[in-house]
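First the structure, which I've put down as structure tokens, then a few questions once you've had a look.
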Amino acid sequence: MLSSLKTDGGGAQDTHLHPDPHHPNPEPGLISSTVNARQLLISCAELVHCGDLPAAERAISILTAAAAPYGDSIDRLIRQFCRALSVRIGRVSPSAASLGSLQSSYLLFNQMTPFLRFSHLTANQAILEAVDGHRHIHILDFDTYYGLQWPPLLQAIADRSDPGDPPFIRISGTGSSLETLQRTGDRLRNFAHSLGLEFQFHPLLLPPSVHSTNTSYNFTPSCLQFHPSETLVVNCVLFLHKLQREDGNDDGSRKLQAFLRTIRVMNPSVVTVAERETVHSSRSFMQRFVEALDYYTAVFEALEATLPPTSEERMAVEQVWLGREIESIVGGEGDGRRERHERWDSLMRDAGFSSLAPSTFAVSQARLLLRLHYPSEGYQLQLVRDSFLLGWHSRHLFSVSSWH
């Protein structure tokens, strides 16, 4: 147990594992199961939490050496969490991935796992049903990223439309990079025009960190162009958690509640919400660490069922995209933790929204996506209180719901 590495008050050390910081010699069978790995990482995190940094550094060295870079999901998970702990204690610098590598790993994650594709597909079906028959459609999309969600929706709208009289579609896409938004808008515009659709894209720049204590961000409808004839849709896929901040006061909750009330006043036909099913906003480092560890254990196991250990694509997703998420949860404090995820049902209802039950077609379509493209028996889909819950075995990982 790594807790045996703690130093005592007189400076004497228990060197049960005989670690050498430069040439660690881990015990054989140190990481023999998921349960053992979980406890070892928790023990290591406890050393960090207690401020015993020399013991924490030795423990991190031992665990990292024992985990093979091309090993199974347990090994790879350990390496990512050890790196995040190293960032937290200042042993290494935070990751600084290029925009290109972030985009590449995001696209790969979308291809390898059903999580993002499922979120987009389910949200799009709710949108498609809400705007059916309407001539002018305005989609307010929070955190557009690379716009992967929208080509399938544009295609579905085009398929339902009269080629001689297509509907007008406007997307107001938000993000923190104007260059990325403009490129996304150009791609979507070209695709929509190839389908014969009338289309406009308006970039709306948000602060780099909308949940920063140093950033004043208050969304107001005056930021947007509205036309009375438009049917409004609001899409929040992996966005609402960025407005949730938990610190010594309740500013984060008030900010999120104010945002939802503002959206409610805009009277959209539908609001689509997709979030991770976990809580990473606890002020307790150990609670946050354990919750993140259990969540990403399931994600890494799902990746292992899809791709072999030697897959370069899998490594890119784990190290760049997922590693960045883990690092922000474990390695940072306060505003540095970008990924904080809460459960949204009660918040939406408190803001005056009512849930929309998914149609029979939406349920069948979601199940078909998993069966055709992700046949592993580990993926589980449930419908709870009008929300889709997608998970790996018994662990819920993503939720998607729609509201009005």
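Would you call Ala66 more than 21 Å from the chain's Cα centre (by Cα), more than 30 Å from Leu224 (Cβ to Cβ), of a type in the set (A, V, I, L, M) and not assigned by TED's automatic domain parsing to the domain that holds Ile157? I'd like the intermediate steps shown before the answer.
Working: more than 21 Å from the chain's Cα centre (by Cα): yes; more than 30 Å from Leu224 (Cβ to Cβ): yes; of a type in the set (A, V, I, L, M): yes; not assigned by TED's automatic domain parsing to the domain that holds Ile157: yes.
Considered against the rule, which asks whether it is more than 21 Å from the chain's Cα centre (by Cα), more than 30 Å from Leu224 (Cβ to Cβ), of a type in the set (A, V, I, L, M) and not assigned by TED's automatic domain parsing to the domain that holds Ile157, Ala66 comes out as yes.
Moving to a separate point now. For the stretch 331-371, enumerate the residues that are touching a helix residue (DSSP H, G or I) at 6+ places or on another chain (Cβ under 7 Å) and at pLDDT below 90.
Gly331, Gly336, Arg337, Arg338, Glu339, Arg340, His341, Glu342, Trp344, Leu347
Provide a single number: the residues in the stretch 267-292 that are at pLDDT 80 or above, in a loop (DSSP other than H, G, I, E, B) and either touching a Phe, Trp or Tyr at 6+ places or on another chain (Cβ under 8 Å) or under 30 Å from Leu47 (Cα atoms) (or both).
Looking only at the stretch 267-292, we keep the residues that are at pLDDT 80 or above, and these are 267-278, 284-292.
With the extra rule that they be in a loop (DSSP other than H, G, I, E, B), the set shrinks to 267-269, 277-278, 284.
Then keep just the ones that are either touching a Phe, Trp or Tyr at 6+ places or on another chain (Cβ under 8 Å) or under 30 Å from Leu47 (Cα atoms) (or both); that gives 277-278, 284.
Residues meeting the conditions: 3.
Let me ask something else. When you check Ile74 against the structure, is it modelled with pLDDT under 95, part of a helix (DSSP H, G or I), in the same structural domain as Ile42 (by TED's automatic domain parsing) and within 21 Å of Arg395 (Cβ to Cβ), yes or no? Walk me through how you get there before you give the answer.
On the way: modelled with pLDDT under 95: yes; part of a helix (DSSP H, G or I): yes; in the same structural domain as Ile42 (by TED's automatic domain parsing): yes; within 21 Å of Arg395 (Cβ to Cβ): yes.
Yes, satisfied.
Pick out the one residue from Leu224, Leu153, Leu188, Leu204 that is surrounded by fewer than 21 Cβ atoms within 10 Å (Cβ to Cβ), in contact with a helix residue (DSSP H, G or I) (Cβ under 7 Å, 6 or more places away or on another chain) and among the aliphatic types (A, V, I, L, M).
Values: Leu224 fails: in contact with a helix residue (DSSP H, G or I) (Cβ under 7 Å, 6 or more places away or on another chain); Leu153 fails: surrounded by fewer than 21 Cβ atoms within 10 Å (Cβ to Cβ); Leu188 fails: surrounded by fewer than 21 Cβ atoms within 10 Å (Cβ to Cβ).
Answer to the selection: Leu204.
Next up: Please give the number of the condition His138 fails out of (1) of a type outside the set (Gly, Ala, Ser); (2) buried (at least 22 other Cβ atoms within 10 Å of the Cβ); (3) at pLDDT below 90.
Checking His138 against (1) of a type outside the set (Gly, Ala, Ser); (2) buried (at least 22 other Cβ atoms within 10 Å of the Cβ); (3) at pLDDT below 90, the one that fails is (3).
From the list Ile89, Ile127, pick out the single residue that is touching a strand residue (DSSP E or B) at 6+ places or on another chain (Cβ under 9 Å) and among the aliphatic types (A, V, I, L, M). Please lay out each step first, then the result.
Working: Ile89 fails: touching a strand residue (DSSP E or B) at 6+ places or on another chain (Cβ under 9 Å).
Exactly one of Ile89, Ile127 is touching a strand residue (DSSP E or B) at 6+ places or on another chain (Cβ under 9 Å) and among the aliphatic types (A, V, I, L, M), namely Ile127.
Right, here's the next one. What number goes with the only condition from (1) surrounded by 13 or more Cβ atoms within 10 Å (Cβ to Cβ); (2) farther than 25 Å from Leu102 by Cβ that Asp143 does not pass?
That leaves (2) as the condition not met.
Right, here's the next one. Can you tell me which residues in the stretch 101-145 are of a type in the set (Ser, Thr, Tyr) and free of Cβ contacts under 8 Å to residues at least 40 places away in the same chain?
Keep residues of the stretch 101-145 that are of a type in the set (Ser, Thr, Tyr), which gives 101, 104-106, 113, 119, 122, 144-145.
Passing the criteria: only Tyr145.
Condition check ((1) acidic (Asp, Glu); (2) farther than 16 Å from Ala97 by Cβ) across all residues:
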site	(1), (2)
Ala274	no, yes
Ser284	no, yes
Gln287	no, yes
Ala298	no, yes
Glu304	yes, yes
Pro308	no, yes
Ile326	no, no
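Kindly indicate the residue of the stretch 293-313 that is assigned to a helix (DSSP H, G or I) and over 17 Å from the mean Cα position of the chain (by Cα) and also surrounded by the fewest Cβ atoms within 10 Å (Cβ to Cβ) among those meeting that condition. Steps first, answer last, please.
Initial filter on the stretch 293-313 (assigned to a helix (DSSP H, G or I)): 293-304, 312-313.
Filter again for over 17 Å from the mean Cα position of the chain (by Cα), leaving 304, 312-313.
Working: Glu304: 20, Glu312: 9, Glu313: 17.
Selected residue: Glu312.
Considering only residues that are more than 21 Å from Asp132 (Cβ to Cβ) and not polar (S, T, N, Q), which ones fall in the stretch 163-187?
Result: Gly173, Gly175, Leu178, Glu179, Leu181, Arg183, Gly185, Asp186, Arg187.
The values are calculated or read from the model by the stated rules, or taken from the named source; none is laboratory data. What you are looking at is a predicted structure, and each value in this text was computed from that prediction instead of being measured. Positions of Cβ are generated from backbone atoms using ideal geometry, with glycine treated the same way; all protein chains shown enter the neighbour counts.
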